[in-house]
Amino acid sequence: MSKRKEFLDSVHPDKVQDFLNFIKLHKDGSEPLDLAELVQELQSNQRVELWGKLSTLLQHTLQAYPPERWITGLDGDSGDEMEVEVSAELKLTMAVLDGVTVVCTVSVDVIQDGDVYSALLDCAHMLNDIESSLPVSELPLQQAVHWLCECWWRRGLQGKEELGWTAFVVCLENTVTLKTSVRELNRLYSLKEVLLTVDFDSERGQYVTSPLLQCFLSTNHIKREEGKRFLAFLFGWDVNFITMIHETIKNQLQFFPKAVATDVAEIYFRAWKKASGLFLEEIESSCIQDFMQHALLLHRTSPVHPKVRQILTYFHKQKFRQGIDEMLHRLYKPILWKALKAANADVRANATLLFTEAFPVHDPGLSSEKVDELVQKQLDALFALLDDPRPLVRSSAVLGACSILARCWELLPSTVITDLLKKILLQLATDTSSPDVRCAVFICISVILDNSMSHPLMEKLLPALKTSLHDTSEKVRVAFVDLLLKIKAVRAAKFWKVCSMEHLLARLELDSPSVSKRIVNLLFNSFLPISQPEEIWCERCVTIIQMNPGAARKFYRYAYMYTAPTNIVKLMLMIRKCLNACIQKTGDTADESITSNKENTSVLEDVLSVKDTAVMASLLEIVVILWGSVQKSLEHNQEALQYTTAKFASVLPEYLRVFQEERCTAPLIRLAALLPAASVPALRSKVMAQLRRLSAGSAVTLYSQPIECVCSWGQVSHVLELMVEWLTEAAPLNPGEQSESVSRRVQFEDPSEAKPDLALNYLEYLLTRPRTRDCLLGLSLDQLTSLHSALGAWKAVLYSSLSECAASAAVTETALRAFSLHARLSIHLQHRYPDGRDFLGSLAHCMDWVEKRVLPFLAAPGDDVSEQQLTLGKQTVESCLTLCRDAVRVALGDADFNDHVLQLSSCVLLSEKGYTCVPLLLSVLSEVAQDSFSRNTEAQEEQLCVTLRIVTNIFQKVLEVMAHRLRKDKEEGQELCCSSEDALHDFLLVTQLASESSEVVSGVFSSLCAAVIIDTSRTLQKLSHPEEVMTPETARDLPPLSSTIITTILKSPAVTRCFLSETGSSVDSEAIDSIAGLAAVTHVLAVVRKTDKFKQDLKSIAVSVHKQILQHCSITAQDPAHTQRVIYENAVRTLNEVLMP
């Protein structure tokens, strides 16, 4: 019996195992059986017989084990045996279904004309019906059924609509929910015609609407070619669906990356290109023209605007395609020309960008005369836009005009080109009303230079821009130098003919890094031609030095950004050779490294001399600058570092001997700092001798380099010993302390008088810079303690100056600086050694000393205290408070230290002239409160409450002191209020952060509320004429203290809410019962109302005030000119405005 006959016989309910064996052999790749070939070899009547048997087998299988039992199981007992039997039966059923699906699928490809395949169609329908009921574990079978449906659709067989719909829906859902492959997208596109068989308004149409729209949100569909074709096809399903697609894309557009937005534009373009009739009209009106409207009306800051512009730009770039020009002309016509003349400048600017990007907007179907006329009108509109009164429009017009010139240079008449360029280069480039316009000119000229045909004319016009290098706006200068870089890159002209080298170097010397770096890039090949020999590099280096030494330093400071570190090192060594040659020419050297003819031959020998001090000093400075720029690179290449170090270390002593001028000495010392200490042993003593020889009052530049040098060598201890010596000799010490200090002090060969001022300068320099500070604090604790003690001894000198006024002004200033640096050093040492409290105790001792010795002098000048003593006392107190505040700010102290600081603050405030320190005291309170909140834990909650209560009390006292000062001396009080605004604002910001978690801190806002109401109500009570009663428009219309408080409060919405909340509580408690007090509240409400915020808070307070003030309505019976009645009526009027705006 043949295989065909055997196979036909196996397709029977009684021979299921034989049928499954055939299926197994078909799936086994090692077996020769192929059911596709076997079915194809069957005769027509045999195929019909096969399909009939398949239908019978499938029906029998489904009747024996229907889909309802696949999930629920059989009725009755569910013992283990029954479960095994059911599982086996289910397994057999699934195997038969799989086999039938395989045979049906291979049969689809062999159906020939004239075949009767109704039985096969029945099988396909049955499989399609039960596909959704298959267990989850039968995913391969489900996929096989889907493939059968898809193959049926592709063959175009009878009944394809139903089966094709199943394949399409499944494929669509897979592409939406799963990470889709290109193959899956291709399958979806191949099934696209299925969608045309479904009505949009039908149940099926509504079912797929949502997943189809989700495809437009998937970048996987949007970015791939297969997905783009499918999405463009969807625009042709139904006219109503186009609007839904467009709205979906618009909602998602702001979240699309730039590249995806371009793909979206391509999809729209493909849809438009393929559309016709109603579909074309809908795409143009609902989509493209809608984008045009949005591009015109959206604000530029909108996240959607750039994406809309990007989509339209894609259409503008397709102007070479047939029909695009006509479509753009037709759609822009009713909206663009109106927008160019709109009253809103933003709309005009947006329209300008669209108009110039789409230029020329015309219909190719018009006659040439009409096209020329239309283009001329557009050019006239462009010139009008360049004269627009708003800078934003002019800037947009400049960009548009330049893009038009770049694209249409060969098409525009020469007169138009010349007029446009003159307008841009000669007028708008010097637009004094707007730096944005000037900046736009230089940015956009680069666009014109991309067209090589513009170069001849531009070469003649560009020199007129040379003065723009010195524009007052930095961004304009940046844009101008970028233009010069563009000119150089495209070789449109010689950049030094546009702007002379002298001007470029002058700007390089003076300008900011953003401009300077660009100028260095522009001039790099001119002064450091890498392709030329190294001798030329040195020649150019000398040239730029002679032209502008400051510019030379700036040039080589940024040169490393445009070349490799190797070239920088080569230039350094070449400059060394040049210097050696100059020294050798004098003949006054015995150093072999200098006299080596082989090494030191230089083309500059006949030009330079060591007597050219300026050039020699500049060359030395440039070496140091170059070394600093590649220092990190050298550290990663130890071989190069050692070689470079050895070369300069060998000549440095000779350089120090030959170059004695002060300007040469500074870079030599800085160069020495870059070398190891062991390579310059003789220089160490010279540097220390220089530090010792300097006189008091020397400029920072004279000692900064030596100190940096000593720190680099790790010799900062010598500087410390010198400072201790000078401070000790100039201040009184106990004999024992003095002898001990002297015994530990380094001895110098050239002793001189003590210079405590210079010692303090050295210390301040060391503490100010992180690198030198780390070097100083890295010394032993004993050494640092000696310095700390030497500074502390100056408190006696300070007190002597304060109490006796016998010391000179210079000594007094020195003592005050020593006191400040002593406390400052204590902070650094406590941070360095946090385990103990010794240095924190030193700060506490300083506070005690100030409280007992200094505060008595913080009194009004009179018989006991002079003006000089008051000034010195105030400076000492402020110095101590500032340093204590800084210690709290860096969380150096603990709760006890903070309480000590608050105690000093309270004592200062209670002193006679303590009010002068109010701004600083508020700053101290801010830091203490902030530190207390950061330390808040359950264990410290009680301590926190105590500290915050003290802060609140001091703050309340501050407000009382300010009010008292205003009553005593109004002018001085107003100055105090103005100087306290920033500090008060910082304090309130800190306070409001904890106002919800701390009842104590709410007292701060209670004090503020009381101060404002009392201050304002007192002012109202003093009014004697009704005409003086006015509702304040701004905070400045309030009394001075209230004005300061309200101005400060309104700077922060959170602080304002806290204040209004406390004000409302005060009103609700009926603590304010007078007309003047309630009127004061209305004045506050009137001022806050002007901010157009806090409307609900204001209305809530206004309702409470209104209820209480009506209790005083009897006052309306008095004379209309009575002041109290006028105050009452004015308050009621203000409340009505708040409640009914």
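The values are calculated or read from the model by the stated rules, or taken from the named source; none is laboratory data. Keep in mind the model is a prediction, meaning the values are calculated, not measured. Every residue, glycine among them, receives a Cβ derived from its backbone with ideal geometry; neighbour counts consider all protein chains shown. Note: areas computed on protein heavy atoms with side chains; ligands, DNA, RNA excluded. Shrake-Rupley method; radii C 1.70, N 1.55, O 1.52, S 1.80 Å.
Expected output is a single nm value to one decimal: the length gained when fully extending between residue 953 and residue 910, i.e. 0.36 nm times separation in residues minus the C-alpha distance. What is it?
Length gained, residue 953 through residue 910: 14.2 nm.
Starting from the 7 Å offset along Cα-to-Cβ, what nm value, one decimal, do you get for the label separation of residue 255 and residue 371?
4.5
Assuming 0.36 nm per residue, please report the length gained on full extension of the stretch residue 219 to residue 614 beyond their Cα-Cα distance.
The span from residue 219 to residue 614 would gain 135.7 nm if fully extended.
Quick one: ranking 326, 635 by accessible area, 1.4 Å probe, largest first, what do you get?
Sorted descending by solvent-accessible area, the residues read 635, 326.
Which FRET efficiency, nearest 0.05, do residue 526 and residue 585 yield, Cβ-Cβ r, R0 25 Å?
Efficiency at R0 = 25 Å is approximately 0.35.
Once R0 is set to 22 Å, what does the formula 1/(1 + (r/R0)^6) return for the Cβ-Cβ distance between residue 453 and residue 562, expressed as a FRET efficiency to the nearest 0.05?
Rounded to the nearest 0.05, the efficiency is 0.10.
Can you divide the C-alpha Rg of the stretch 972-1092 by 2.2 N^0.38 Å and report the result to two decimal places?
Working it through for the stretch 972-1092, the quotient is 1.04.
First measure r as the distance between the Cβ atoms of residue 197 and residue 717, then evaluate 1/(1 + (r/R0)^6) with R0 = 60 Å and state the FRET efficiency to the nearest 0.05.
My answer for the efficiency is 0.05.
For the chain, what is the mean residue ellipticity at 222 nm derived from helices alone (per DSSP H run of n ≥ 4: -39500 (n - 2.57); sum divided by total residues; nearest 500 deg cm²/dmol)?
Calculated mean residue ellipticity at 222 nm is -22500 deg cm²/dmol.
Determine the gain in length on full extension of the stretch residue 700-residue 496; use 0.36 nm per residue of separation and subtract their C-alpha separation, reporting nm with one decimal.
Using 0.36 nm per residue and subtracting the Cα-Cα distance, I get 69.6 nm.
What is the distance, in nm, between label points placed 7 Å from the Cα along the Cα-to-Cβ direction at residue 868 and at residue 678?
Distance between label points: 5.7 nm.
Accessible area, 1.4 Å probe, largest first: how do 1103, 102, 515 sort?
Correct descending sequence by accessible area is 1103, 102, 515.
Listed here are the pairs 319/423; 488/517; 460/488; 5/27; 228/317; which of them are more than 24 Å apart at the Cα?
Cα-Cα > 24 Å for 319/423; rest within.
Leaving ligands, DNA and RNA out of it, work out the accessible area of residue 41 with a 1.4 Å probe and give it in Å² to the nearest 10.
110
Report, as a whole number in µm² per second, the diffusion coefficient that Stokes-Einstein gives for the stretch 385-509 at 4 °C and 1.567 mPa s using the Kirkwood radius over alpha carbon pairs.
90
Can you give the accessible area of residue 422, probe radius 1.4 Å, in Å² rounded to 10?
Answer for residue 422: close to 90 Å² accessible.
Relative contact order for the stretch 325-405 using alpha-carbon pairs under 8 Å, separation at least 6, rounded to a whole percent?
35
Can you send over the carbon and sulfur percentage of the accessible area for the chain, probe radius 1.4 Å, protein chains only?
51
Each label point is 7 Å from the Cα along the Cα-to-Cβ direction; what then is the distance between the points at residue 60 and residue 5, in nm?
Once both label points are built, they end up 2.1 nm from each other.
Suppose all protein chains stay in the model; what accessible area per residue would a 1.4 Å probe give for the chain, in Å²?
46
I'm a student and want to see the number: the projected area of the Cα convex hull of the stretch 242-318, averaged over all directions, in nm².
That works out to 4.7 nm², a quarter of the Cα hull's surface.
Any chance you could look up the accessible area of residue 907 with a 1.4 Å probe, heavy atoms only, rounded to 10 Å²?
For residue 907, the solvent-accessible surface is approximately 40 Å².
So for 466, 341, what's the accessible-area order with a 1.4 Å probe, most first?
Output order, biggest surface exposure first: 341, 466.
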